[in-house]
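Structure record follows, encoded as structure tokens.
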């Protein structure tokens, strides 16, 4: 009987514990919103891609040539957006560099740091790299920023929702 009570107590204690919280939050990165990811005009220079948590993840999913391709495709960059709890960085190869034009996108999920990288070549093909999951895990609104097929799907869903809203009136 004591053995049964001890096992029951152990199982209740073991199952009643809450799952561990994520060990590292990435919400501090939100301070980069509306900032340029690379700013050489200030001292010390600021580079979002060189932050330890970003740099290590990028090097984990990209080999050296892919990493260079990404940074080259970030020649002309817009400020960092926040879309649906993701930091989103869009860039295009500097047209004065003499290289083929490529578009790029980096999305960082703020609650766990997952990174999604997309590089679109001149031929329109998009190469995706992710630290976890797959690129289809991204909200359509973000994928639509670089993937023409996702943009069409997202636009169709928005239009269908608008038609449904109008027809209810």
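The values are calculated or read from the model by the stated rules, or taken from the named source; none is laboratory data. Source: prediction; values computed, not measured. Positions of Cβ are backbone-derived with ideal geometry, glycine not excepted, and every protein chain shown enters the neighbour counts.
Can you find, within the range 42-75, the residue that is surrounded by the fewest Cβ atoms within 10 Å (Cβ to Cβ) among those that are in contact (Cβ under 8 Å) with a residue 24 or more places away in the chain and assigned to a loop (DSSP other than H, G, I, E, B)?
Here the residue is 62.
So residue 70 fits all but one of (1) under 18 Å from residue 130 (Cβ atoms); (2) touching a helix residue (DSSP H, G or I) at 6+ places or on another chain (Cβ under 9 Å); (3) modelled with pLDDT of 90 or more; what number is the exception?
So residue 70 meets the others, but not (3).
Tally the residues that are surrounded by fewer than 17 Cβ atoms within 10 Å (Cβ to Cβ) and either at pLDDT below 85 or within 10 Å of the chain's Cα centre (by Cα) (or both), restricting the search to the range 140-152.
4
State whether one or more residues within the range 87-99 are touching a residue at least 60 places away in the same chain (Cβ under 8 Å) and surrounded by 13 or more Cβ atoms within 10 Å (Cβ to Cβ).
no
So, residue 78, is that one modelled with pLDDT under 90, surrounded by fewer than 17 Cβ atoms within 10 Å (Cβ to Cβ) and closer than 18 Å to residue 147 by Cα or not?
Yes, satisfied.
Take residue 87 and decide whether it is in contact with a helix residue (DSSP H, G or I) (Cβ under 9 Å, 6 or more places away or on another chain), closer than 22 Å to residue 145 by Cβ, outside any helix (DSSP H, G or I) and at pLDDT 90 or above.
Yes; evaluated as a whole, the condition is true for this residue.
Being modelled with pLDDT under 85, within 23 Å of residue 50 (Cα to Cα) and part of a loop (DSSP other than H, G, I, E, B), is that true of even one residue in the range 96-107?
yes
Being within 24 Å of residue 27 (Cβ to Cβ) and free of Cβ contacts under 8 Å to residues at least 24 places away in the same chain is the filter here, so list the residues in the range 117-133 that pass it.
Residues satisfying the conditions are 132, 133.
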